[in-house]
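Accompanying notes for the structure given below.
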Amino acid sequence: MPADPPDAGVAAHYGDPYAEQRAIVAGWGVVDVSNRPVLRISGPDRLGWLHSLSTQHVERLAPGEGAQTLVLSPQGRIEHHLTLTDDGDTIWAHVEPGTAAGLLEFLTSMKFMLRVEVEDVSADYAVLTLLGSATPDQFDIATQAQIRTDASTDLIIARASLPEAVARLRSSGAALAGMWAHEALRIAAGRPRLGLDTDQRTIPHEVGWIESAVHLNKGCYRGQETVARVHNLGHPPRRLVLLHLDGSEDRLPGRASSVRLGGADVGFVGSSARHYELGPIALALVKRTVPTEAALQADGIAAAQEVIVSPDAGANVQITLKRPRNAMIGRPRE
């Protein structure tokens with residue numbers, strides 16, 4: 001069954017999305033995310049150049065090391081999210097569907113006289129994501145790059161070799177899973193996606209990217225003033241929460257639908273899914289001042305909230321995000 005936009009072009013599931021989730025949690029699985037655009041950045045100035053444009057400290061990124069970084073607007077709002085690695089000669093990155101053209105245009109405009117080349121190579125390369133607690137370190141397939149994060153291993157491979165690569169991974173023990181399983185585990189782990197769990201006003205502190213995609217002790221970049229001001233002096237106006245939805249409803253809340261407290265609109269719903277263990281869940285951005293214990297309505301569906309980003313985030317307070325118990329995608333809950 002094909003997935004819905006923005007994941008059109010890949011599979012939603014292969015017959016039983018709950019079984020696919022369980023298989024990932026019990027071992028490991030492979031998800032076709034070949035709808036994600038792939039960018040290649042080459043040239044001897046690439047690391048220092050990207051370091052100056054984005055939120056992460058990538059200037060001394062070691063070959064093979066994975067990272068996430070953001071491109072912000074001058075007002076500090078999130079415009080792009082990149083997951084990347086450098087192989088010693090080239091930066092390989094993948095981004096959200098529909099964002100590559102805008103990112104490529106911005107990056108190209110910022111080259112000036114630097115020795116950097118930026119290309120959208122999505123026609124030739126694709127991404128497979130490996131999830132699970134037992135993901136092996138070695139794979140019997142040829143990869144252009146491997147991007148390891150605390151949640152997954154992303155393999156960038158030649159697009160023409162996708163079917164063979166999936167077959168080899170399955171023969172090595174990987175369960176085949178679709179986007180419904182991927183998204184259910186991601187949402188349960190409290191990990192946002194750009195454009196699904198963010199809007200045009202979202203800043204890094206609101207969705208928890210301040211801990212994974214922002215380096216707070218690096219040189220200037222566009223939007224840094226907002227990041228520094230919120231971190232040192234104030235609080236973000238909104239916070240990301242995990243919603244546990246009323247399971248008696250036969251529907252999920254619509255993307256961008258209203259979250260209400262009493263009669264007041266206090267936020268919006270982002271991604272939603274049916275989790276094999278937690279039932280119907282969703283991510284939402286709500287006003288920071290919403291009491292953490294308050295019962296909410298998400299698109300008319302009763303919802304209890306679980307804190308992901310603390311109301312105390314910012315103001316130079318050292319906050320450990322209250323991730324859900326299965327915060328490592330594919331790891332068994334304690």
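Observations on the structure shown:
Per-residue answers, yes or no, for (1) under 14 Å from Leu240 (Cα atoms); (2) aliphatic (A, V, I, L, M):
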position	(1), (2)
His275	no, no
Pro280	no, no
Lys287	yes, no
Val307	yes, yes
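- Hey, Glu183 without any contact (Cβ under 8 Å) to a residue 60 or more places away in the chain and in the same structural domain as Val33 (by TED's automatic domain parsing) or not: no
- Taken together, the residues in region 41-58 that are surrounded by fewer than 20 Cβ atoms within 10 Å (Cβ to Cβ) and either over 15 Å from Cys220 (Cβ atoms) or in contact (Cβ under 8 Å) with a residue 24 or more places away in the chain (or both) amount to 8.
- Any hit, region 62-69, residues being under 19 Å from the mean Cα position of the chain (by Cα) and either in a loop (DSSP other than H, G, I, E, B) or in the same structural domain as Glu211 (by TED's automatic domain parsing) (or both): yes
- Boolean, Arg36 is among the charged types (D, E, K, R) and part of a loop (DSSP other than H, G, I, E, B): yes
- Close pairs (7 angstrom Cβ cut-off, 6 or more residues apart or separate chains): in the same structural domain as Leu70 (by TED's automatic domain parsing) in region 88-109, part of a helix (DSSP H, G or I) anywhere: Ile91/Arg46; Ile91/Leu50; Val95/Leu103
- Thr108 meets all of the listed conditions (1) in a loop (DSSP other than H, G, I, E, B); (2) among the hydroxyl-bearing types (Ser, Thr, Tyr); (3) surrounded by fewer than 16 Cβ atoms within 10 Å (Cβ to Cβ) but one, namely (1).
- Residue check for Gln146: assigned to a strand (DSSP E or B) and either out of contact with any Cys (no Cβ under 8 Å at 6 or more places or on another chain) or surrounded by fewer than 16 Cβ atoms within 10 Å (Cβ to Cβ) (or both): yes
- Filter result for Trp92 (among the aromatic types (Phe, Trp, Tyr) and within 24 Å of Ala181 (Cβ to Cβ)): no
Residue by residue, here is whether (1) of a type in the set (Gly, Ala, Ser); (2) out of contact with any Lys or Arg (no Cβ under 9 Å at 6 or more places or on another chain); (3) modelled with pLDDT of 95 or more holds:
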residue	(1), (2), (3)
Val95	no, no, yes
Phe112	no, yes, no
Asp124	no, no, yes
Leu130	no, yes, yes
Pro136	no, yes, no
Ala142	yes, yes, no
Arg148	no, yes, no
Ile157	no, yes, yes
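- Of all residues in region 1-53, those satisfying the criterion of being small (Gly, Ala, Ser) and within 12 Å of Ala175 (Cα to Cα) are Ala19, Ala23, Ala26, Gly27, Gly29.
- Considering Val33, Val38, Val25, the condition of being more than 14 Å from Ala93 (Cβ to Cβ) and touching a residue at least 40 places away in the same chain (Cβ under 8 Å) is satisfied by Val25 alone.
The values are calculated or read from the model by the stated rules, or taken from the named source; none is laboratory data. In this text the structure is predicted, and so the values were computed from the model without any measurement. With ideal geometry, Cβ positions are generated from the backbone for all residues, glycine too; neighbour counts draw on all protein chains shown.
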